[in-house]
Amino acid sequence: MTLAEKILAAHCGKKKISPGELINVKVDLVLSNDITAPIAIKEFRRIGVKKVFDPKKVVMVPDHFVPNKDIASAEQAKMMKEFALQQKLVYFEVGEMGIEHVLLPEKGLVLPGDVVIGADSHTCTYGALGAFATGMGSTDIATAMATGEIWMKVPPTIKFVYSGKLRKWVSGKDLILYTIGDIGVDGATYACMEFTGDAISRLSMDSRFTMANMAIEAGAKAGIFSVDQNTLDYVKSRAKRPYKVYESDKNSQYSKVIEYDVSKIEPQVAFPHKPSNTRPISKVGKVEIDQVVIGSCTNGRLEDLQIAARVLRGRKVNKRVRCIIIPGSREVYLQALRKGLVKLFIEAGAVVSTPTCGPCLGGYMGVLAAGERCVSTTNRNFVGRMGSPQSEVYLANPAIAAASAVLGRIAGPEEVGR
Amino acid sequence: MKLRGKVHNYGDDVNTDVIIPARYLNVYDPAELAQHAMEDLDPDFLKKVKPGDIIVAGANFGCGSSREHAPLAIKAAGISCVVAKSFARIFYRNAIDIGLPILECEEAVDKTRAGDTLEVDLSTGEIKNITRGLTFEAKPYPNFMLELINAGGLIEYTKRKLAANRGIKVRR
Ligand code: SF4
């Protein structure tokens, strides 16, 4: 069995399972946020049980529109907070919070071998830890909050093998954008993407989170990495409960195996309006921009800010650009402060915000006007995703985003000069 | 159960951000969400749509965000059913969970145009294009999906399951 199949089998009490099989899975963690929790709570109440199955396994994170952007979103956040406090759930107020998918691994709430479901499509991020994690809607989450279980169809696994040495400035973001560009936005629909190869074993945890995060952008149910020393080092100081490490069998059945030589992959940019609409940076041409966003559950971690800082150090953000930098969590924010990154960003002419999803989904803190273009380290560039339906979002890694902020057009970090 | 309505036709990869843009997700009441359904893809959608109408779309309908607000919004706007070549998996679950009928049928999508009248028989999966006099067979629902649909959605199904388990021991 594959890694994903082994985790699912262990959580449904079966020795062996195969793709297509319907199973009832016990979950280790159930997540929702200030947008999806209100519907989940409403549906939970309809089921008629009084208490969630285990308050230590139900997490609610206000992150999309908080600190509340308007009265309506304040009402939603309030409803969630009251429910979370009354049920004694795992809950983080704004001073302690972060974007859910940055926060949960940091807090040790997700561990290898777990099954996690969340009312947020980017729940698949936790696959970086060797967990099986997938996004669902609010009603599914309500059911799991009540029963601790959820039905699932066992997905087939597609194996991706990345080999070779990464070029300079190429990160997990570029590998996943390249992959989505190759297989398309429905290239892995219903499947689990297993990321393997020597290039992956050298990849940082932050880059792995980025890749697993965007598995959904290929339609996947989950993205998953096997656990190695990197993972164990990350988990060691955070885990407060035991966990289990699973491995794909040598003779695992994959629905497909796709191989990439990463030494041929340049930094990538996804043009509007699909994450699969990718081009290598050398083929981008002249695209003037109005805004840069560096942050989100995709690229809002410390390594991302360090890369941006390397490009922005001693340089100035272009006059025509709003450069918005958002650490993904309090921990990332504090580390960025200690390392002097926040000062560097502000001196370069960027704004640095408290952790929030904010502009990633066109919520607040950087909404685009008609005709405006943004280079963003986020994960989606659909029509209207960051504001006006006439605006444009270009997805890229933090180095490209920072270089673009300096030059006022989409540019690679090599173009800003020494 | 038979559904009948006029067709609104869209292409591949219709994502949940255009079905209901995130800027309107500060509320979750279906009727309020419906006011902005499909707005970024088809600004005239609300003016055109009549109760019972059917969305016909290409592959990967409902991709992107997990927001259940998407099926809720189009259902509350009056859409009775979505026929597509294929659905993104979270949207598929959400639609079944909240009781929005969805059917997969490539041929029906290829041979149907905006403004046609469709009649969909949910019990048999038969899709009739009344305007063109054509009949298609949708992919049948897996048995478990039928159980969910017949129970009236996931919440009702869960309630029944919990009631059946009572006496044995309800897991809490
Ligand atoms: S940062 Fe963006 S993609 Fe990530 S959870 Fe927030 S809104 Fe969703």
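Some notes on this structure:
- The set of residues in the range B:115-158 that are of a type in the set (Phe, Trp, Tyr) and not in a helix (DSSP H, G or I) comprises B:Phe136, B:Tyr141.
- A:Arg322 meets the conditions (1) surrounded by fewer than 23 Cβ atoms within 10 Å (Cβ to Cβ); (2) more than 14 Å from every other protein chain (Cβ to nearest Cβ); (3) free of Cβ contacts under 8 Å to residues at least 40 places away in the same chain in every case but one. The failed one is (3).
- Looking at the range B:1-108, the strands (runs of 3 or more DSSP E) lying wholly inside it that each contain 2 or more residues that are away from chain A (no Cβ under 14 Å) and either without any contact (Cβ under 8 Å) to a residue 60 or more places away in the chain or under 14 Å from the mean Cα position of the chain (by Cα) (or both) sit at B:2-9, B:54-57, B:81-84.
- Pair list, Cβ < 7 Å and 6+ apart or interchain, from the range A:58-79 residues that are assigned by TED's automatic domain parsing to the domain that holds A:Tyr91 to residues that are within 14 Å of the ligand (Cβ to nearest atom) and at pLDDT below 95: A:Val61/A:Met97; A:Pro62/A:Met97; A:Asp63/A:Met97
- Qualifying residues in the range A:96-130 (those that are of a type in the set (Asp, Glu) and under 27 Å from A:Val185 (Cα atoms)) - the one farthest from the ligand (Cβ to nearest atom): A:Asp114
- Of everything in the range A:370-384 that is in a loop (DSSP other than H, G, I, E, B) and away from chain B (no Cβ under 13 Å), the residue that is nearest to A:Ile326 (Cα to Cα) is A:Thr377.
- Of all residues in the range B:17-62, those satisfying the criterion of being under 22 Å from A:Ala218 (Cα atoms), of a type outside the set (D, E, K, R) and touching a Gly at 6+ places or on another chain (Cβ under 6 Å) are B:Pro21, B:Ala22, B:Gly58.
- Among residues of the range A:287-300 being open to solvent by 10 Å² or more (accessible area, probe 1.4 Å) and in a loop (DSSP other than H, G, I, E, B), the one that is nearest to the ligand (Cβ to nearest atom) is A:Asp290.
- Search result, residues across the range A:342-360 that are open to solvent by less than 10 Å² (accessible area, probe 1.4 Å) and not in a loop (DSSP other than H, G, I, E, B): A:Phe345, A:Ala348, A:Gly358, A:Pro359
- Within the range A:366-391, residues that are on the phi > 0 side of the Ramachandran plot have Cβ atoms under 6 Å from residues that are more than 15 Å from the ligand (Cβ to nearest atom) in these pairs: A:Gly371/A:Gln390; A:Gly384/B:Asp40, counting only partners at least 6 apart in sequence or on another chain.
- Boolean, A:Glu93 is more than 16 Å from the ligand (Cβ to nearest atom), surrounded by fewer than 16 Cβ atoms within 10 Å (Cβ to Cβ) and within 23 Å of the chain's Cα centre (by Cα): yes
- Pairs, first closer than 19 Å to A:Lys316 by Cα and free of Cβ contacts under 8 Å to residues at least 24 places away in the same chain in the range A:336-361, second away from the ligand (no atom under 16 Å from the Cβ) and part of a helix (DSSP H, G or I), C-beta under 8 Å, six or more apart: A:Val342/A:Ala336
- Taking strands (runs of 3 or more DSSP E) as the structural unit, those lying wholly within the range A:137-210 and holding at least 3 residues that are open to solvent by less than 20 Å² (accessible area, probe 1.4 Å) correspond to A:157-163, A:192-196.
- The range A:367-388: number of residues that are within 25 Å of A:Asn318 (Cβ to Cβ) and within 12 Å of the ligand (Cβ to nearest atom): 8
- Scanning the range B:47-65 finds one or more residues that are within 16 Å of the ligand (Cβ to nearest atom) and closer than 27 Å to A:Ala74 by Cβ.
- The set of residues in the range B:110-126 that are touching a residue at least 60 places away in the same chain (Cβ under 8 Å) and more than 12 Å from B:Leu3 (Cβ to Cβ) comprises B:Thr112, B:Arg113, B:Ala114, B:Gly115, B:Asp116.
- Only one entry in A:Lys165, A:Lys173, A:Lys221 is at pLDDT 95 or above, touching a Ser or Thr at 6+ places or on another chain (Cβ under 6 Å) and within 14 Å of chain B (Cβ to nearest Cβ), namely A:Lys221.
The values are calculated or read from the model by the stated rules, or taken from the named source; none is laboratory data. Values in this document were obtained by computation on a predicted structure and should not be read as measured data. Every residue, glycine among them, receives a Cβ derived from its backbone with ideal geometry; neighbour counts consider all protein chains shown. Heavy atoms of the whole protein, side chains included, go into the accessibility calculation; ligands, DNA and RNA do not. Shrake-Rupley method; radii C 1.70, N 1.55, O 1.52, S 1.80 Å.
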